[in-house]
Amino acid sequence: MATKNTMRLDRLMTLLGEGTRAQVKDMVRAGRVTVEGAPVRDSGMQVDAEHAQVRLDGRLLAYKAVRHVMLNKPQGTLTAARDKRQRTVMDLLPPMYAAMGCMPAGRLDKDTEGLLIITSDGQLAHRIISPKKDVTKVYFARVDGVLHEEDIAAFAAGLHIDDSDGTFDARPAGLTILSTDGASSEVRVRVSEGKYHQVKRMLSSRGAPVTYLKRERIGALALDPALAPGQWRELTDEEVALLEQEDDHA
Ligand code: URA
């Protein structure tokens, strides 16, 4: 059954990022806004946000109750809904996303870059985050030092981590050594859980502290290479379906 999501026209247009409430009022007064094809004069009129045909200068404004964003999180930004002092990932998006209830699905460290999903769909967020769902996350890392076959085997067997942040037994994980110059190396790590500083701690435990970390993939969804750090876009329906499907760990 279709549910109604009724709100004031000026609130709807503000949520959609078309301007402040005062600007929207002016647009309406100027006759630039139509609802169901008819010009409106009252910016306070109630509209069905999801189904009404609202146009600005003839352009149809599309409201979606559920929004999903792919962000290439830049270094130096907190993964949090808000923070009094520091810039958060939500500050990189137009305010309508926060107003629509979007939140980061999971957390990347402040100095970690890469794929972060921000969504208003709590169930989808749960799928991405919950260790029970066993969704693979793939990271690219630069580390000090050199890793060897025995490190790959130790990752595959499941590392026991015991450091200043605490103790845990990591699930079996994937380690691929991409390159090394003898002093530092580039590696790819695949994990299916998200303990505090997990990838950094796993690599440090093998004598290879991380100097750069980027998340490249969540399940079957890869970071769009066209997005520079700090850039974002909404997910396509196909990409949402990739996140909703069971992870085949390919
Ligand atoms: N593992 C880490 O150590 N940091 C991250 O940000 C993500 C995974």
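The values are calculated or read from the model by the stated rules, or taken from the named source; none is laboratory data. Keep in mind that this is a model prediction, so the values were computed, not measured. Please note: Cβ atoms are built from the backbone with ideal geometry, for glycine as well, and neighbour counts cover all protein chains shown.
If LEU178 meets every condition in (1) outside any loop (DSSP other than H, G, I, E, B); (2) over 18 Å from the mean Cα position of the chain (by Cα); (3) within 16 Å of the ligand (Cβ to nearest atom) apart from one, which number is that one?
If we test LEU178 against (1) outside any loop (DSSP other than H, G, I, E, B); (2) over 18 Å from the mean Cα position of the chain (by Cα); (3) within 16 Å of the ligand (Cβ to nearest atom), just (3) comes out false.
Give me the pairs: first residue in segment 180-207 and in contact (Cβ under 8 Å) with a residue 60 or more places away in the chain, second residue more than 8 Å from the ligand (Cβ to nearest atom) and assigned to a helix (DSSP H, G or I), beta-carbon distance under 9 Å, and six or more apart or on different chains, which are they?
Pairs found: SER192/PRO131; SER192/LYS133; GLU193/PRO131; GLY194/ILE129; GLY194/PRO131; HIS197/SER204; LEU203/ASP151; GLY207/ASP151.
Of the residues that sit in segment 221-249 and are modelled with pLDDT of 95 or more and surrounded by 17 or more Cβ atoms within 10 Å (Cβ to Cβ), which one is farthest from the ligand (Cβ to nearest atom)?
So the residue we want is VAL240.
When only residues in segment 14-62 that are hydroxyl-bearing (Ser, Thr, Tyr) and free of Cβ contacts under 8 Å to residues at least 40 places away in the same chain count, which is nearest to MET100 (Cα to Cα)?
Residue satisfying both the conditions and the ranking: THR20.
So SER185 passes all but one of these: (1) closer than 30 Å to ASP91 by Cα; (2) at pLDDT 95 or above. Which condition number does it fail?
Condition not satisfied by SER185: (1).
Given the structure, is LEU242 of a type in the set (A, V, I, L, M), farther than 22 Å from ASP163 by Cβ and not in a loop (DSSP other than H, G, I, E, B)?
yes
For segment 35-135, give me every one of the strands (runs of 3 or more DSSP E) that falls completely inside it and has 2 or more residues that are out of contact with any His (no Cβ under 8 Å at 6 or more places or on another chain) and away from the ligand (no atom under 16 Å from the Cβ).
46-48, 54-56, 68-73
Whether any residue in segment 226-241 is of a type in the set (A, V, I, L, M) and out of contact with any strand residue (DSSP E or B) (no Cβ under 7 Å at 6 or more places or on another chain) is what I want to check.
yes
Tell me which residues, restricted to segment 189-218, are in a loop (DSSP other than H, G, I, E, B) and either modelled with pLDDT under 95 or within 12 Å of the ligand (Cβ to nearest atom) (or both).
Answer for segment 189-218, where residues must be in a loop (DSSP other than H, G, I, E, B) and either modelled with pLDDT under 95 or within 12 Å of the ligand (Cβ to nearest atom) (or both): SER192, GLU193, GLY194, LYS195, TYR196, HIS197, SER205, PRO209.
Checking ARG11 against (1) part of a loop (DSSP other than H, G, I, E, B); (2) surrounded by 12 or more Cβ atoms within 10 Å (Cβ to Cβ); (3) free of Cβ contacts under 8 Å to residues at least 24 places away in the same chain: exactly one of these is not met. Which one?
Looking at each condition in turn, ARG11 falls short on (1).
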